[in-house]
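Each value in this text was obtained by applying a stated rule to the coordinates, not by laboratory testing. Just so we're clear, the structure is a prediction, and the values are computed from it rather than from any experiment. Positions of Cβ are backbone-derived with ideal geometry, glycine not excepted, and every protein chain shown enters the neighbour counts.
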Amino acid sequence: MLTFLNLVQLVLYIALLALVGQGALYVLAGQRRENNVFYKLLQVVAKPFTWVVRKITPKQVADAQVPVVTFCLLAVIYMVVTFERADLCVTQGLVGQPGCR
């Protein structure tokens, strides 16, 4: 179970960093961001998560807001997974183990 939680946390971390990078390039590159190779790469990394959020959000949420909503949702899920991982480590007595650091 600890390995699964670590894996989920890693996937969420990568997606969150991709969304943060997109946000930074959104601010720095402005309108030219659509031609930026790194922006497109970050979009590809975050696309599975933004696609799911687009499907579950109502139509009133604009497409430009979906990455922000995705970031907020993933941040909450990341915190839940982190707390569950910490709880598992404490209850199982694995505090000093490599997977619990």
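Isolated cysteines of the chain, defined as having no other cysteine beta carbon under 4.7 Å away, are CYS72. If you take all other residues with their beta carbon under 12 Å from the beta carbon of LYS47, and give Lys and Arg +1 and Asp and Glu -1, the sum is +2.
Between 0 and 90 degrees, the angle of helix 37-56 with respect to the longest Cα principal axis of the chain falls at about 70 degrees.
Please report, in cubic angstrom per residue, the volume enclosed by the convex hull of the alpha-carbon atoms of the chain. Spell out each step's value before the answer.
Values: hull volume 11.2 nm³, N = 101.
Residue-normalised Cα hull volume stands at 111 Å³.
Per-peptide packing, taken as the mean over residues of other Cβ atoms within 10 Å, places 84-93, 53-62 in the sequence 84-93, 53-62 from highest down.
Against the chain, whose longest principal axis comes from its Cα atoms, helix 2-29 is set at around 30 degrees.
Would you list, by chain and number, the aspartates and glutamates whose Cα falls below 13 Å from the Cα of LYS55, excluding same-chain residues fewer than 8 positions away? Output for LYS55: ASP63.
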